[in-house]
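For reference, the structure is listed below as structure tokens.
Just so it is clear, none of the values below were taken in a lab; they were calculated from the coordinates. Just so we're clear, the structure is a prediction, and the values are computed from it rather than from any experiment. Here the Cβ is made from the backbone with ideal geometry for all residues, glycine too, and neighbour counts use every protein chain on show.
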Amino acid sequence: MKEIKIGLIGYKFMGKAHSFAYKNVSLFFDLPIKPVMKVICGRTEKAVIQAKEKFGWLEYETDWRKVVEREDIDMIDIATPPNTHKEIAIEAAKNGKIVFCEKPLTTNLKDAYEMLEIVEKYKVKHAICFNYRKLPAIGLAKKLIDEGKIGKIYHMRAVYLQDWIVDPDFPLVWRLQKSIAGSGAHGDLNAHLIDMARYLIGEFDEVIGMSETFIKERPVLKEKEELETGLVYTEKGEEKGIVDVDDATIFLVKFKNGAIGSFEATRFALGRKNYQFFEINGSKGSIIFNLERLNELKFYSLEDPAYSQGFRTIIATDASHPYAGNWWPAGHIIGYGESFVNMVADILNSIAKDENPVPNFYDGVKCQEVLESVEISIKEKRWVKVK
Ligand SMILES: NC(=O)c1ccc[n+]([C@@H]2O[C@H](COP(=O)([O-])OP(=O)(O)OC[C@H]3O[C@@H](n4cnc5c(N)ncnc54)[C@H](O)[C@@H]3O)[C@@H](O)[C@H]2O)c1
């Protein structure tokens with residue numbers, strides 16, 4: 001069987017999620033191509049050796065440049081913070097590698113355009129990790145919308161709520177630094193909601209937003225590289241640094257198809273851990289999704305007889321639901337990690353068919369256009385047309 005040799009850059013949160021995907025994909029999907037976990041890369045040798053052993057990679061490297069230049073690597077998987085994506089992706093493309101990049105594509109729109117231009121110029125396949133598209137319940141939502149079961153879409157209201165930085169003493173990890181992350185809750189969480197909206201509803205026309213940074217200074221980390229993961233830490237210093245990203249961003253949307261929407265991302269919603277929730281209302285029905293109950297899709301249909309109308313909860317684990325037939329018998333639920341397995345399965349199938357995977361850098365650019373339009377609208381206090 002044809003093999004695809006992977007070089008993974010980054011070995012922490014997403015490094016682990018992507019490793020989980022490569023390890024499990026052939027167990028659940030019949031693929032025409034086999035992923036080989038060839039080399040994992042990170043800057044700290046001791047930590048990357050541990051990750052190599054634990055996640056099951058064959059080799060390790062501490063310099064990503066060496067990985068992208070290796071002739072025995074077919075695909076570069078970028079699971080590092082956003083400010084590093086552009087350089088790694090461009091060098092990988094120049095070396096003829098397939099590039100699979102974490103979201104957001106990068107920290108700003110200009111760089112996003114450049115990344116798309118380069119992968120197209122070097123004619124390499126490219127993908128972006130908007131993994132929530134790949135959940136069975138989301139695939140089902142898409143099917144219901146495409147089949148017209150929701151009718152003409154009027155509304156999407158979406159929130160992505162977390163609470164991990166409410167403590168003012170939580171340190172200045174990379175996710176709270178503009179130069180590394182690009183933005184705060186906006187680029188991290190709204191990016192997922194924007195992609196979901198584009199997938200299910202269509203393109204954005206105009207946006208207007210507001211944002212707030214509630215805690216303006218935080219303790220800096222002692223030895224950043226060793227301790228930080230962007231979400232958790234083990235030790236912080238006495239010195240304080242400026243938080244220059246949004247803690248929360250809310251925005252309103254007019255979609256090109258006439259629907260309107262509201263979006264909210266925050267890391268200050270106490271009690272909410274990873275609450276990605278949306279509701280879509282149309283002329284014939286509504287759907288509701290909540291990531292913390294990711295196997296379920298709620299569906300309301302006007303086509304039901306009046307006496308039995310109401311939201312029904314569909315457990316999206318039947319073999320007829322997207323991806324679900326690859327997993328367990330109906331009712332045997334899946335979890336967060338499986339979205340990455342489904343994502344990698346789609347990438348490998350596309351590559352085997354000599355097609356570009358979806359979503360890809362084009363979707364990354366479209367998402368970044370919306371992110372940046374919202375930022376302009378906040379700065380200029382006005383509605384902004386999305387490019
Ligand atoms: N798709 C999702 O649901 C999802 C979830 C979380 C994070 N992400 C995205 O994944 C990316 C990584 O986030 P994370 O949570 O895994 O971060 P993390 O802090 O847990 O891990 C980052 C990794 O990148 C490495 N790294 C940083 N700079 C590097 C450099 N210059 N060279 C080599 N390695 C470097 C770090 O050592 C670490 O291994 C971000 O773009 C983030 O937005 C996506």
Candidate set: region 191-206, residues that are within 12 Å of the ligand (Cβ to nearest atom) and either closer than 14 Å to GLU369 by Cβ or surrounded by fewer than 23 Cβ atoms within 10 Å (Cβ to Cβ) (or both); chosen: the one nearest to the chain's Cα centre (by Cα): HIS192
GLU303 vs. criteria in contact with a strand residue (DSSP E or B) (Cβ under 6 Å, 6 or more places away or on another chain), touching a residue at least 60 places away in the same chain (Cβ under 8 Å), farther than 26 Å from PRO35 by Cβ and charged (D, E, K, R): no
Contacts under 7 angstrom Cβ, first residue in region 376-387 being farther than 13 Å from SER211 by Cβ, partner loosely packed, with under 12 Cβ neighbours inside 10 Å and of a type in the set (A, V, I, L, M, F, W, C), 6 or more apart: none
Subset of region 163-184 [surrounded by 22 or more Cβ atoms within 10 Å (Cβ to Cβ) and more than 15 Å from the ligand (Cβ to nearest atom)]: none
Tally, over region 109-158, of residues that are farther than 23 Å from SER339 by Cβ, of a type outside the set (D, E, K, R) and out of contact with any Leu (no Cβ under 9 Å at 6 or more places or on another chain): 8
Subset of region 316-351 (residues that are part of a helix (DSSP H, G or I), in contact (Cβ under 8 Å) with a residue 24 or more places away in the chain and among the small types (Gly, Ala, Ser)): ALA324, GLY337, SER339, ALA345, SER350
Answer from GLY42, GLY10 - the residue that is within 19 Å of ALA127 (Cβ to Cβ), buried (at least 20 other Cβ atoms within 10 Å of the Cβ) and within 9 Å of the ligand (Cβ to nearest atom): GLY10
Only listed residue being of a type in the set (Phe, Trp, Tyr) and away from the ligand (no atom under 16 Å from the Cβ), chosen from TYR160, TYR154: TYR154
Members of region 50-61 found to be over 24 Å from the mean Cα position of the chain (by Cα), surrounded by 14 or more Cβ atoms within 10 Å (Cβ to Cβ) and either within 13 Å of ILE9 (Cα to Cα) or touching a residue at least 12 places away in the same chain (Cβ under 8 Å) (or both), listed by number: GLU59, TYR60, GLU61
Count - residues of region 148-179 that are farther than 18 Å from LYS216 by Cβ and of a type in the set (A, V, I, L, M): 6
Conditions (1) touching a residue at least 40 places away in the same chain (Cβ under 8 Å); (2) within 20 Å of the chain's Cα centre (by Cα); number of the one not met by SER19: (1)
Tally of residues being part of a strand (DSSP E or B) and either surrounded by 18 or more Cβ atoms within 10 Å (Cβ to Cβ) or free of Cβ contacts under 8 Å to residues at least 24 places away in the same chain (or both) across region 255-272: 6
Region 120-179: number of residues that are closer than 22 Å to ARG293 by Cα and out of contact with any strand residue (DSSP E or B) (no Cβ under 6 Å at 6 or more places or on another chain): 17
